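Peer 1: First the structure, then my questions, so here it is.
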Amino acid sequence: MHYFFLENQSLGSGLAVSLKNGDISHAHRVLRIKKNEVVAISDGFGNVHKGIVVISSPKEVTIELGEKLLPAESPLKITIAQGLVKGDKFDLIVRQAVELGVVRIQPLLTERSVPHRSRQQEEKRLQRWRSIARSAAAQCRRAFLPAVEDVIKLKEYLHQAEMETIITPWEGERAVPLSSLLKQPSPEKGTVTIIIGPEGGLTEREIELLNKTGAITVHLGLRILRSETASSTVIALVQSAWGDL
């Protein structure tokens, strides 16, 4: 069953809705969706309905909505705050984070992050990440469309964000393995923030700032993981211990 998002649109049994322009081309020309085919439509905020295609043409794909479906969402509300990495590695980080059930992705500028790009380049990159998040959410049938926020400096993010449990893998941590932390009960409100450094990791000055904010530094074992590997690893372990994985 193919899955589509219609963000910010009211959904309900018996209503007829039409796909947006980009999805029309994908549905008709790529997926070759036919009339009477069953699909699923989400509003990106937790509401998902099964529907029947009543019109499928190059210019219009309309679906008549039926029963409401159970959302495929974790009880945890995970934010991954990730230091910017080189090349297109952040594309993979976004895709895997969405598949693993995060609700928010916060790109971070840290002391060892890649240099600033022009405003136009940054905006283009941000739009690509949001497109990847949308595609990944549809692929794994998420009821919520995860937010990809604007790039922000780590210090500014810590000052403005409200966080319950903050987990930060750090190669300098020796006493606290992530496995021991995850044996504790899950956070009361179910919100978890995972902060991952870029290539080269977080500096000691940044770790001190994180500790003052209440972050728990952990280690992931004897092997040093790449930034993009650490991101998906920690999300998966947290979801396994406290979530629905």
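Coordinate-derived values only; no laboratory data. Keep in mind that this is a model prediction, so the values were computed, not measured. Neighbour counts are summed over all protein chains in view; Cβ atoms, including those assigned to glycine, are modelled from backbone coordinates with ideal geometry.
Peer 1: Going down the list K20/K50; K77/K155; K35/K124; K89/K189; K77/K212, which pairs span over 27 Å between their C-alpha atoms? Could the numbers behind the result be given before it?
Peer 2: Numbers: K20/K50 17 Å; K77/K155 22 Å; K35/K124 36 Å; K89/K189 31 Å; K77/K212 23 Å.
Flagged as over cut-off: K35/K124; K89/K189.
Peer 1: Rounded to the nearest 5, what is the percent of antiparallel bridges among the DSSP beta bridges in the range 2-69?
Peer 2: On the way: 16 of 20 bridges.
Once the DSSP bridges in the range 2-69 are tallied, antiparallel ones form about 80 percent.
Peer 1: Using DSSP loop states and a limit of at most 13 other Cβ atoms within 10 Å to flag GluC sites (Glu not before Pro), what is the longest stretch of the chain containing no flagged site? Could the numbers behind the result be given before it?
Peer 2: Details: sites that count: E7, E162, E164, E188.
My reading of the result: 8-161 is the longest stretch.
Peer 1: Separate question: From zero outward in steps of 10 Å, how is the percent of C-alpha pairs of the chain spread across the bins?
Peer 2: 7, 29, 30, 19, 11, 3, 0
Peer 1: Can I ask one more? Tell me, what does the Kirkwood hydrodynamic radius of the range 2-69 come to in angstroms if you use every pair of distinct C-alpha atoms?
Peer 2: Working: mean 1/r = 0.0867 Å⁻¹.
Computed over Cα pairs of the range 2-69, the Kirkwood hydrodynamic radius comes out at 11.5 Å.
Peer 1: Round to the nearest 10 and give me the degree value, 0 to 90, for the angle of helix 227-242's Cα axis relative to the longest principal axis of the chain.
Peer 2: The angle comes out near 80 degrees.
Peer 1: If you take every DSSP beta bridge fully contained in the chain, what fraction is antiparallel? Give it as a percent rounded to 5. Provide the component values of the computation, followed by the final result.
Peer 2: Numbers: 17 of 43 bridges.
If we restrict to bridges inside the chain, about 40 percent are antiparallel.
Peer 1: By count of other Cβ within 10 Å, fewest leading, how are L84, L6 ordered? Write out the running numbers ahead of the final one.
Peer 2: Working: L84 23, L6 19.
In order of increasing Cβ crowding within 10 Å: L6, L84.
Peer 1: Let me ask you something else. In whole percent, what relative contact order does the range 18-66 give with Cα contacts below 8 Å and a gap of six or more residues? Intermediate values should be presented prior to the final figure.
Peer 2: Values: 78 pairs, mean separation 18.7, N = 49.
Once divided by the residue count of the range 18-66, the mean separation gives 38 percent.
Peer 1: Follow-up question, since we're still on this one. If you fit an axis through the alpha-carbon atoms of helix 89-99 and take the longest principal axis of the Cα set of the chain, what angle between them do you get, 0 to 90°, nearest 10?
Peer 2: 60
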